[in-house]
Amino acid sequence: MYNDIIMSKIIALIKENYTTIAVDLMGGDDYPDVRLDTVLTVLKSQTNIIFRVFVSKSYLNTIEHRIANLDANRITFISCGRSVSMAESPFSALRQKRESSLSQSIKDVANQKADICVTAGNTGAMVALSKYWLKPLYDIERPVLATLLPSKSRRALLLDIGATIDAKADDLYNFARLGTALQQSLNNISEPRITLLNIGMESNKGDDTVKQADAMLSESELNYIGFCEGTHLFNGYSDVICCNGFVGNITLKSCEAMASFIKNESNDPAKSSIWQKIKKGMRIVEPDKYNGALLLGLNGLVIKSHGDCNALSFDAALHQAFIMAQQPIITKMIKRLEKT
């Protein structure tokens, strides 16, 4: 009995130096095998990560032979009765799928069993379930998905990219506050430059929501420098770029589609060398290397991977989760938000 107590204390002490990542393995467009392979690869290469992997009962039965000899202190598989489909409504997921792999992986963060959650699942359901299990951060009412854009200079934070489709002016104002707090906390930028993504930089451009948010930000103490356009996304013009989730999602996916198109064209030996030159210049926007958006505005960390992620892109999401969890981001952000 005494030895068991000593051993449990030793294990607890060891785990303090590890980052624990909860993974919703069932979320995504494809069968979970690629995501499982990626988790197992990271488990071998990154020795200071503990995984808690949430899977359906049926899938767990199919992989038992593969996971039987894994170190149980470093990876645990949790069987869940249900999973959330990519086409399921957020309301349905919240009402009927609280025992799903997506829901339980987020709950793991709320219960402090994991430092961060990673899912490639249904975005709307992820947001709804995250709001259910995780408390709002400070005075933020609506969460936002944020991603750091690749750049040759300082990387801009683009938000929202899909969490709040119908953002109001107040929401855009809070997105700016959250983006500022994250850039200050994560990248030590003292006064992040804030812009609103718009169809032009002139004051008369944009819809009423953008104009109202522009007025609110102009009167605030935040470092707001006005509107920006799509041409400013990758050139370091601003540090925080705000828009609603509809605009942000289309913007990001369009950029990633162009990068993928150029990559595929340049890999064709029949194409001219000009494609090789273009590809070299496009390396900074290769989507697989920058996969993973952070859900902000809640008292817990959740990373959203693309649903159609491959091994390289899911590895990027897991790596980002590990980096994010290394810092007390939530504590830092609350202190920043109190000042705005």
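Where a number appears in this text, it was derived from the coordinates with a stated rule and is not lab data. Quantities reported herein were computed from a predicted structural model and do not represent experimental measurements. Using ideal geometry, Cβ is built from the backbone for each residue, glycine included, and neighbour counts are taken over all protein chains shown.
Data overview
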{"item": "Degrees between helix 123-133 axis and first principal axis of the chain (Cα, 0 to 90, nearest 10)", "result": "70"}
{"item": "For the chain, size of Cβ-based charge dipole, Lys and Arg +1, Asp and Glu -1, in debye", "result": "680"}
{"item": "Length released on extending from Gln46 to Asn235, taking residue separation times 0.36 nm less the Cα-Cα span", "result": "64.8 nm"}
{"item": "222 nm mean residue ellipticity, helices alone, for the chain (DSSP H n ≥ 4; -39,500 (n - 2.57); rounded to 500)", "result": "-14000 deg cm²/dmol"}
{"item": "Relative contact order %, the stretch 42-83, counting alpha carbon pairs below 8 Å whose residues are six or more apart", "result": "54"}
{"item": "Angle in degrees between helix 311-325 and the longest Cα principal axis of the chain, rounded to the nearest 10", "result": "90"}
{"item": "Mean Cα-pair separation over length for the chain, i.e. relative contact order, pairs under 8 Å, 6 or more apart, %", "result": "21"}
{"item": "Spin-label pair Asn188/Asn73, simplified geometry with 7 Å Cα→Cβ offset, distance in nm", "result": "3.4"}
{"item": "Sequence ranges 36-46, 128-138, 104-114, ranked by mean other-Cβ count within 10 angstrom, highest first", "result": "104-114, 128-138, 36-46"}
{"item": "Sites Glu338 and Tyr31 - FRET efficiency at Förster radius 35 Å, r taken between beta-carbons, to 0.05", "result": "0.20"}
{"item": "Distance between the stretch 287-329 and the stretch 65-109 - C-alpha centres, whole angstrom", "result": "17"}
{"item": "Bridge type composition, the chain - antiparallel percent by DSSP, nearest 5", "result": "25"}
{"item": "Helix axis angle, 208-218 relative to the chain longest principal axis, alpha carbon, degrees", "result": "90"}
{"item": "Leading residue at positive end of dipole, the stretch 123-175 (Cβ point charges), from Leu149, Ala125, Phe175", "result": "Leu149"}
